[in-house]
Each structure stands twice: as C-alpha cells, then as structure tokens.
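To start, the structure under review is shown below, and the notes come after it.
The values are calculated or read from the model by the stated rules, or taken from the named source; none is laboratory data. Owing to the predicted nature of the structure, the values given are computational and were not obtained by experimental measurement. A quick note on method: Cβ atoms are made from the backbone with ideal geometry, for glycine too, and the neighbour counts reach across all protein chains shown.
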Amino acid sequence: MTVSRNGFSLTELLIGMAFLALFTAMVQTTCTALLRGVRVLEVASEAQETARLGVQLIVADAREAGFAPGGQLRDGIRRAGRTILGIARDLNGDGDVDDAQERVTYSYAPDRRALLRAQGDAAPQPLIDGLDDDGVVLTYVDAQGLPLDPGSAELDADQRARVRRIGVHVRIALPSPEPASRAPLRAEEGATATLRNAGL
C-alpha cells in the first residue's frame, strides 16, 4: 500500500511567500498614496473654508460701519487702507461707540502671515493664520462706483466719508502634506460689503 503525501515543497512555499510580500507592498503603496491624496484634499478644503471665514467676518463687520439706530454715525470708517480696516457702529443706540463690540479693526500682519482683529481698545488678536503674501486686500468704492485708492497709506477722513462699498479679498497658503511638493495649497475668497447706512 502506498501512502501519498499532499503538501507544498519548500520551493513552492518560498515562491508563495514572495508573491504575498509583493502583493502586501503594492497594497501598502496604494493605501499610502490614497491617504496622502485624502490629506491633500482635507488641507485644500481647510484653506478654502479659512479664506471664506475671513471674508465673511470682515464683510459682516464692514456692513455695519457707521450704523446707528437713529441714522448714520459720523466717522463710521475710522481706518481704511489696503490691509487695514477700522470701523465704528452704535449697536446699542446709546449715542456713542465706547462699548468694546462697537469698534473693530482688522489688519494684516505680513511678518506673522496672520489676520488680526481688535475690539475696542484691546490689543489685536490673531484671527486667521496661514495667509499668503498679500493675504488681505481691501478696496474702497464711492457712491458713483469710482475707486478710492489708499495707495501705500490710508484714506483720509474726506475719502473715508465717501466710501459706500468695501471689497474684501483673502488669500490662504497652507503647507502641502505631500512630501514631494514644496508648493503650498492656496485658496482665495472675495466679497463686497455695502455699508448698511450708506447714503443716509
């Protein structure tokens, strides 16, 4: 009687293990590439949301410049430059703008690549980090639709009084999670704020 032995030879086992190792390496490479792609999409989405948030915050406050329940305040725009905007509004109708929430200043700090926000007389606080070069650009338009150019300085009091619309443009640049890429992931967002009491 002959006994048959079923099984794999050592050579067959080594070839099978080599194929399994190759398959595992291919799966790992594919998963790593997919995870990097997902991370790039997450960072790009974060950049876009951050830019949108910055624009929405500035526009919401800019619309209120000069607001008072009984009419328009004088000097509703306190500062107006290419990278700085200071506004005042009388939210509680007490006739002054001394409350902390009634005066807000936004400014771009290029050394920190950050958008700063100050309420009242408080020190500016970082609101958004990771801004690109020229991360915040503000433009001003009068009632006739003509641009008011602050140049390298700020608008004077007469020019500020003529502002009816403020353009807000924010650019974000976040580092790419892709090791091979040195270029940051960029996002831009822009909107226009029409002053609430413009023309009163």
What residue, of Leu85, Leu73, is of a type in the set (A, V, I, L, M, F, W, C) and modelled with pLDDT of 90 or more?
Leu85
Kindly indicate the residue of segment 181-198 that is more than 12 Å from Arg171 (Cβ to Cβ) and either basic (Lys, Arg) or at pLDDT below 90 (or both) and also nearest to the chain's Cα centre (by Cα) among those meeting that condition.
Ala183
So, Thr24, is that one assigned to a helix (DSSP H, G or I), free of Cβ contacts under 8 Å to residues at least 24 places away in the same chain and out of contact with any Leu (no Cβ under 7 Å at 6 or more places or on another chain) or not?
yes
Please indicate, with yes or no, whether at least one residue in segment 88-98 is part of a loop (DSSP other than H, G, I, E, B), under 30 Å from Arg36 (Cβ atoms) and among the charged types (D, E, K, R).
no
Give segment 147-160 a look and list any residue that's farther than 21 Å from Arg112 by Cα and surrounded by fewer than 15 Cβ atoms within 10 Å (Cβ to Cβ), or say none.
Pro147, Asp149, Gly151, Asp156, Ala157, Asp158
Can you run down the residue pairs with Cβ atoms below 6 Å, 6 or more apart or on separate chains, where the first is in segment 67-79 and without any contact (Cβ under 8 Å) to a residue 24 or more places away in the chain and the partner is crowded, with 17+ Cβ neighbours inside 10 Å and in a strand (DSSP E or B)?
none
Scan Ala183, Ala173 and give me the residue that is hydrophobic (A, V, I, L, M, F, W, C) and surrounded by fewer than 12 Cβ atoms within 10 Å (Cβ to Cβ).
Ala183
Mind checking which residues of segment 20-40 are within 28 Å of Ala173 (Cα to Cα) and either modelled with pLDDT of 85 or more or touching a Ser or Thr at 6+ places or on another chain (Cβ under 7 Å) (or both)?
Thr30, Val40
Condition first: of a type in the set (A, V, I, L, M), over 18 Å from Val59 (Cβ atoms) and touching a residue at least 12 places away in the same chain (Cβ under 8 Å). Now tell me which residues in segment 110-141 satisfy that.
Ala114, Ala122
Candidate set from segment 102-138 (those that are surrounded by 18 or more Cβ atoms within 10 Å (Cβ to Cβ) and β-branched (Val, Ile, Thr)); member that is farthest from Ala161 (Cα to Cα):
Ile128
I'm checking my understanding of the structure. Among residues of segment 41-63 that are modelled with pLDDT of 90 or more and more than 19 Å from Asp129 (Cβ to Cβ), which one is surrounded by the most Cβ atoms within 10 Å (Cβ to Cβ)?
Ala62
